[in-house]
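Chemist: Sharing a structure below in structure tokens format, with a few things to ask.
The values are calculated or read from the model by the stated rules, or taken from the named source; none is laboratory data. Since the structure is predicted, the reported quantities are computational estimates derived from the model, not experimental observations. Cβ: placed from backbone, ideal geometry, glycine included. Neighbour counts: every protein chain shown.
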């Protein structure tokens, strides 16, 4: 799976945001997220699986328990799917 649209991810006034930069999603607005969400969005610029996302997070961050990490990633992915942002 990967993002359906192109986003620029940046920190604005202490908040991490993903701003759509191509047509198709612009009217939906900006996505506000935390550092982990921004990391996942960056990974989703390329085709990647949920287990690969979890593995990369574990490589680059001190993480909570495996079960909590899986739940966090799945919840974030579900929210992206609900917003029709993934292909």
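Chemist: With a cut-off of at least 1 residues that are touching a helix residue (DSSP H, G or I) at 6+ places or on another chain (Cβ under 7 Å) and within 15 Å of residue 4 (Cβ to Cβ), name the helices (runs of 4 or more DSSP H) lying wholly within the range 16-87.
Modeler: Filter on the range 16-87 gives 35-43, 66-82.
Chemist: Could you list all residues from the range 61-77 that are exposed (fewer than 11 other Cβ atoms within 10 Å of the Cβ) and either within 13 Å of the chain's Cα centre (by Cα) or at pLDDT 90 or above (or both)?
Modeler: Selection gives 67, 68, 75.
Chemist: Kindly list the number of the only condition in (1) modelled with pLDDT of 95 or more; (2) farther than 18 Å from residue 9 by Cα; (3) surrounded by fewer than 11 Cβ atoms within 10 Å (Cβ to Cβ) that fails for residue 46.
Modeler: Failed condition: (2).
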